[in-house]
Amino acid sequence: MEEIGHWIDGKRVAGKSGRFADVMNPATGEVQAKVALASQAELDAAVASAAAAQVKWGATNPQRRARVLMKFVDLLNRDMDKLAEALSREHGKTLPDAKGDVQRGLEVVEFCIGAPQMLKGEYTDSAGPGIDMYSMRQPIGVAAGITPFNFPAMIPMWKLAPAIACGNAFILKPSERDPSVPLMLAELLQEAGLPDGVLQVVNGDKEAVDAILDNDTIGAVGFVGSTPIAAYIYERGCANGKRVQCFGGAKNHMIVMPDADMDQAADALVGAGYGAAGERCMAISVAVPVGDETADRLIEKLVPKIEKLKVGPYTAGNDVDYGPVVTAAAKANIERLVQSGIDQGAELVVDGRGFSLQGYENGFFLGPHLFDRATKDMDIYRTEIFGPVLTTVRAQTYEEALGLAMDHEYGNGTAIFTRDGDTARDFASRVNVGMVGINVPIPVPLAYHTFGGWKKSAFGDLNQHGPDAFRFYTRTKTVTARWPSGIKEGGEFSIPVME
Ligand code: NAD
């Protein structure tokens, strides 16, 4: 069986801890590889060597660093099919979706090619007599990223591209569920000219994560994953004096107003609710039609579209709308939550239970589910299900619908479907959620804007990619300079004030 190790100092190396996790093929339910789980000693050694490599990389001019990323973009395009295949085989998502995963990461790399512009500091000429003042953005040193299974290409690139562009060395701890693509990215970066040691990929579980959080050399940690782990990492990383940003789970509401184009709204809900088997932090998992008449019309449009969805392995090509979920445990958890919805009184109008695919009986496939008339107190409404389950909560007024999104503990994304500009504007302005779509169901900002949720969906004060990424991965230093001709005789004993 294939053993997947780490990427250290520009080479694939075997794990030394003797601990491994299974890497599944979600479509067949078979173990297809074993991934090494790093010990604290392995992580610490990777960090020490990254710190040594960073000295030269940090001193390399930003334009040369950007050229490595430019070449990396070419190589990502060259190997797009290979990357997507490896991604689908471990994650289970369809090939077009896997290509989208690589593409959205690639776009962040493209944005980071602009590092020389983004890293320019501020300058004030003659801030005082003979005095100039300027600021510099300097790398943190060694930064680390801990990433989830659901975007094994995009999210590692969200982290590593700006970190490296800013002159840091970077330790990537990807998800142990789909470790192959992050290692392929490291190989491509080496081919693009990244010096060995600047990027280290260390596979692992809690032991490797704790080693990152406790390592004194690592100055900044970026995390994406579920909210309980995000909260844990934020607390432990901050307690150890690091700069930490953690992005967590979601329960994204889509409000459907009576004046919405109901065909558009239903199409949007099907794509945003069931695409990638619902395993997206920006998936719409709650539909909130306003008024019973809107709800009835929406459900009537949704049901046949959902019943027509094609579920299957990525190898079936474009014929498949979504694939299996990632593990048997994820499947069992989704099934448990569906049962709780039934037990707590929601109406299961599309019943995906008992779904089985001929030839793939052991795969982690789930049929699509649609609940109607769910209420705020139910587990299917309160919990992030992360599966192909869309829950409808009927609201009687716009204010009630807005209140649902506002009161939920998560605040990653939300959307409103309406033709009324006033309502859309009011919603975008008042809702306490980080990313808002107006007739756009999955409002993921492009690479040059920032991405981040509010409430329990994010911890820390800067977003991912966009200008915030350059702030997160650098420290600002401000220099006040005066040359001898500007210095007055005699010492100064009171606080300096500019003349
Ligand atoms: P997860 O929290 O289980 O794992 C994320 C990372 O944390 C992995 O690298 C994993 O190895 C590590 N980890 C897991 N348990 C740990 C522990 N006890 N201690 C230390 N580290 C641990 O998340 P997942 O299942 O891989 O991903 C799905 C979750 O990620 C969903 O909740 C989804 O909403 C969220 N997500 C959020 C965003 C966002 O930007 N807000 C984006 C994508 C995914």
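What follows is calculated from the coordinates using simple rules that are stated; it is not laboratory data. All values reported here derive from a predicted model rather than from experimental measurement. Note that each Cβ is placed from the backbone with ideal geometry, even for glycine, and that neighbours are counted across all protein chains shown.
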Projected label distance in nm at Asp461 and Asn77, using a 7 Å step from Cα toward the beta-carbon: 4.0
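Over segment 137-210, consider all pairs of different Cα atoms and compute the Kirkwood hydrodynamic radius from their mean reciprocal separation; express it in Å, one decimal.
Evaluated on segment 137-210, it is 12.3 Å.
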Taking the C-alpha atoms of segment 159-201, convex hull volume expressed per residue in Å³: 61
Pairwise label distance in nanometres, Gln103 with Ala52, each label 7 Å out on the Cα-Cβ vector: 4.2
Gained length - Asp210 relative to Thr124, 0.36 nm times residue gap less alpha-carbon distance: 26.7 nm
Label-to-label distance, nm, for residues given as Asp22 and Met406 (7 Å Cα→Cβ offset): 4.7
Stretch gain in nm, segment Arg430-Met70, where the contour uses 0.36 nm per residue and the Cα spacing is subtracted: 125.6 nm
Dipole magnitude (debye, nearest 20) for segment 223-349, charges at Cβ of Lys, Arg, Asp, Glu: 900
Per-bin percent of Cα-Cα distances, segment 76-190 [5 Å]: 2, 11, 19, 19, 15, 10, 7, 5, 4, 3, 3, 1, 1, 0
Around Lys16: net Lys/Arg minus Asp/Glu count, Cβ-Cβ under 13 Å: -3
Total formal charge among the other residues, if their Cβ is under 12 angstrom from that of Gln200, Lys/Arg +1 and Asp/Glu -1: -1
Loop GluC sites (Glu not before Pro), segment 74-151 (other Cβ atoms within 10 Å of the site Cβ: 13 or fewer; DSSP): Glu122
Added length on full extension, which subtracts the Cα-Cα distance from 0.36 nm per residue, His449 to Ser485: 8.5 nm
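Out of segment 156-253, which GluC sites (Glu not before Pro) are coil in DSSP terms and have no more than 11 other C-beta atoms within 10 Å?
Working: sites: Glu176, Glu187, Glu191, Glu207, Glu235; in loops: Glu176.
Here no GluC sites (Glu not before Pro) fit, given the DSSP loop and packing criteria.
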Tail fraction, Cα-Cα pairs, segment 252-438, threshold 20 Å, whole percent: 51
Given the chain, longest segment not containing exposed loop chymotrypsin sites (Phe, Trp or Tyr not before Pro) (DSSP; at most 15 other Cβ within 10 Å): 1-354
Calculated SAXS-style log₁₀ I(q)/I(0) at q = 0.06, 0.11 Å⁻¹ - the chain, Debye, Cα scatterers: -0.31, -0.93
Kirkwood-based shape ratio for segment 367-499, expressed as Rg/Rh from alpha carbons: 1.28
Taking Thr294, Thr391 and counting other C-beta atoms within 10 Å, the order from fewest to most: Thr294, Thr391
Rg(Cα) / (2.2 N^0.38 Å) computed for segment 16-104, rounded to two decimals: 1.46
Cleavage-rule hits, trypsin sites (Lys or Arg not before Pro), segment 65-138, DSSP coil, Cβ neighbours within 10 Å at most 14: Lys120
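Let me check I've understood the local charge: for Gln138, count other residues with C-beta under 10 angstrom from its C-beta, Lys and Arg +1, Asp and Glu -1. What total comes out?
+3
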Over 20 Å between alpha carbons, listed pairs Lys93/Lys301; Lys331/Lys376; Lys310/Lys331; Lys93/Lys206; Lys71/Lys93: Lys93/Lys301; Lys331/Lys376; Lys93/Lys206; Lys71/Lys93
